[in-house]
Each structure stands twice: as C-alpha cells, then as structure tokens.
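Since every read-out is calculated from the coordinates, none of them should be taken as a lab result. Since we're looking at a predicted model, the values are computed, not measured. No Cβ is skipped: glycine too gets one built from the backbone with ideal geometry, and neighbour counts run over all protein chains shown.
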Ligand SMILES: Nc1ncnc2c1ncn2[C@@H]1O[C@H](COP(=O)(O)OP(=O)(O)OP(=O)(O)O)[C@@H](O)[C@H]1O
Ligand SMILES: [Mg+2]
C-alpha cells in the first residue's frame, strides 16, 4: 500500500524503516497533514503517529471523505485518539513494540487484500454512529430511482449528479447510471474520461444483445444465472475518484447512437433490471439519468424497473402543459409491453412520479402548478391519487452554474462546492435538494451533520411521495 506517514522523531523513522522493509511504499513522511496533502497526494493509506504528529480530527475526517485508509499509533494522549476509537480506526500502542509493528503490517496488508466496505467505513468515520445507524436502516425506502423530464435541458443531469453526490457524501452507497440513450452528459458533469471506466451502458447492452441473439441464454430454473449476473453488473460500476460511496456507469456515446442493439427490448430490460438489482442488493441506491422519450427502448426499460420516477420540470406554463401529454406517453410506452395492461401501466407510472420543479426563480410556480394539477385531474381521480410537489430547486446564479459544468474540476458541482465553501448562493439549491432526496431516503440527520442543511429542533416531517393516496 502507498502510505503517507505522519509524525516526527526517531520512533516515526523506525516505523518508516519497518514498513519499507515489509514491502510498503512510504510516499512521504511529514509531521503535518493538511487538506492540500489529501488532494495532491498519491497514497492510499495514512499512518498517524499520534503523539508526534500535528493533526486533528477534522484533518482525518477530510481524509476519510477522500476514501483513505487510516491507522493510528497512539498512547491515548493525542487529540485524535478519541475520534479514532469512535470511528473504529485500528489503533496500535505508542511506542510500538516489534510485535505491534508486525500487527500494523498485517493490518495494512489485510486492508489491501480484503478492502472493507468503503461506504460503511465512510459513514463511521465522517458521520459517526448516529447518522450511520439511521442510514443503514433503509429497507423500506425507494432505492431504484429514475430521473427524467418531458423536455431537454430542464436539469435532469444536474439533479441526478448532485443528488448522487449528496447521497454519497451522506454515506449512502450510491450507483449512478447515465441511461440517457440520446447521448447523456454525465461524464462531462463528473469530468471523467470514458475509457477510465469498467464498463459503459453501451457495452453492457451490446453484450446482452449479442448473447440473446446467439441463443446462448438458456432457461434458468434455479436462478443461477441471476446470481452470476448480479456480480457481473456490480463489477460493471466504476468507483468514482475521491468519493468512496459513489459508483458510476457512463452512458451511450454518439458513435453508437443508431446501433441496432439499442433497440433490443429484452437486452435493455435485463440490463436495467440488472443494474438496479445489483446496486440495491449491495445495500445501495441506484439513480438513473433517463432521457425524455419514454418509448425509447432503454428509457422504457428503466421506467418499468424503477420504484420512483423523479420528473424534473421548469415551473413554466408551456413546460407544464406538455407534461400532461408526456405522462400519457410514459403510460402508453409501458402499456405496449407484453403482459402489461393499460391500467397497470397507469398505476405504475402515476404512483411513482415525484415532481421536482427546477430553476425556480419566483413564487410564480404556484399558478403553474395549478395548471398541471387541473390538467391531470381526471387521470389522478381515476387512480385515486392527488398531486403534491416534492421539490423546488431554485435557480443558481449564472457564474456558479457556468463554473459547475465548464471548469476543470468536478469539485465545482453545486453539492461538492457547497460542502467545501458553504457559499450562501448555493445554500438554497442544496437545502432544497436535501428536501427532494428525503422523499426517497432518510438523509436529514447526515445532511445536517455534513453541513448541507442547518440542523433545527423543529423539523417538518418529510413529505412522502408526490402522488399520495387519498
Ligand atoms: N437550478 C439551476 N440553476 C441554474 N442553472 C441550472 C440549474 N439546473 C440546471 N442548470 C443548467 O441548465 C443546463 C441544463 O441542465 P442539464 O444538462 O442538467 O439538463 P438536462 O435535462 O440533463 O439536459 P439534456 O436534456 O440535454 O440531457 C445546464 O447548463 C445546467 O448547468
Ligand atoms: Mg442530461
């Protein structure tokens, strides 16, 4: 493992020699450890020699946020001892005996061969036990989420990427899929190169379609194929740099746009279901950024396998008028599938929709919302549903919005930037996003702890579901 050794003096030097002889690579030894070190350093783990190191719990939390492994050598007198104990960091006695050094070496090696669950580790270290306990109990929550919209450019990708960052920073294992078959822009938002990833949606669809066409998919009465597939799908996600709980699958690239395999319904269904199931069986949440055309094979497959459909729209009359027609298209798309009735399709869609108004700039949304509610009145009544709003995301000032997608770093994305700088201009967007995401996941405690929202004694109960049963 590449190690940053924090500490001064003879004992630290002895530890350095021992670890080097044991085959580890000490990339740096320094008495101090700062946030810049974390951002610039190419290392996987940190060994802190507590009594002779100038480092506090906040520095360690920053390192945990970046997914670094940590080990502490301590006599209990240093400022990070108590934090390390509660965050379940391995602690070794100071000064270490030869046996203690052997144990330290063993522990570092075992972290390499059997890496621990990074999301769980992150929760313990960054959020502590209270938020961690709340987050692990997510059995009743909606974890297969599609983010879509009736028109382009309403902010689907912005909402998908920022919601994924938020969830991951709150310690929830998050799987983000660019499922926009009209060529999505997730990789640009996240500033990643396609070739750095384990797999893309295109390659998954291509492989499945080829397998189906060659007839090599046999009936599988014992479900063995499913188990193999779940593992395969999980491995097709790529861990995202610097955020331990975030994993991604990039989308369809321009050169594949008109490929035949993108129209294979069965392949699309297997892949979308497979990705959803892989993420949720790893106890995570899966977010899919889905394009605007519900009859597209890939989009339809995502919609039919989702348990929540976030619809991002602008609160403007023309968009809203189109929304009703488009909800009808979503229903039609599913009703055409073999084995689906019109009624089932309607129930499936209407009970899963969560509307999120984006780029809200004034209180004008209310009249727009009434238009939508009236337009959908008959459909909603037939399904015994009422329409409420699940999210309003304010418009972000143009300079910040520009930087978020055009600068060299993903750290300028709204949620990431706010986490670092706590700028007032972003507090509204991030706070509202916490509210919207709370419709799916109980993240308020963790979000308050991370400083995304102010913790207040009197919290409104979270609203559950946009379309709630009467
Ligand atoms: N709340 C907001 N405030 C300011 N700008 C925003 C906001 N939400 C999104 N934007 C900007 O609007 C543009 C469109 O956003 P985005 O790409 O997320 O939309 P989309 O629905 O995914 O588009 P497409 O249909 O092309 O996939 C981007 O430039 C984005 O930065
Ligand atoms: Mg998009």
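In what sequence, highest mean first, do 332-339, 250-257 appear when ranked by Cβ atoms within 10 angstrom?
250-257, 332-339
Over the chain, what is the mean sequence separation of C-alpha contacts under 8 Å (at least six apart), divided by residue count, expressed as relative contact order in percent?
Relative CO of the chain lands at 15 percent.
Of all alpha-carbon pairs in the range 2-116, indicate the percentage at a distance above 19 angstrom.
On the way: 2443 of 6555 pairs.
Counting pairs separated by more than 19 Å, the tail of P(r) holds 37 percent.
If you take every DSSP beta bridge fully contained in the chain, what fraction is antiparallel? Give it as a percent rounded to 5.
10
What are the extents of the Cα atoms of the chain along their three principal axes, listed from largest to smallest and rounded to whole Å?
77, 56, 38 Å, listed from the longest principal axis down.
Within 10 Å, count the other beta carbons around each residue, average over each peptide in 24-30, 432-438, 113-119, and list them highest first.
432-438, 24-30, 113-119
For the range 225-287, what percent of Cα pairs sit more than 17 Å apart?
Cα-Cα pairs in the range 225-287 separated by more than 17 Å: 48 percent.
Which value in Å does the Kirkwood hydrodynamic radius of the range 199-337 take, with 1/r averaged over all unlike C-alpha pairs and then inverted?
When all Cα pairs of the range 199-337 are included, the Kirkwood radius is 16.5 Å.
Tell me the relative contact order for the range 2-116 as a rounded percent, counting alpha carbon contacts under 8 Å between residues six or more apart.
Answer for the range 2-116 is 24 percent.
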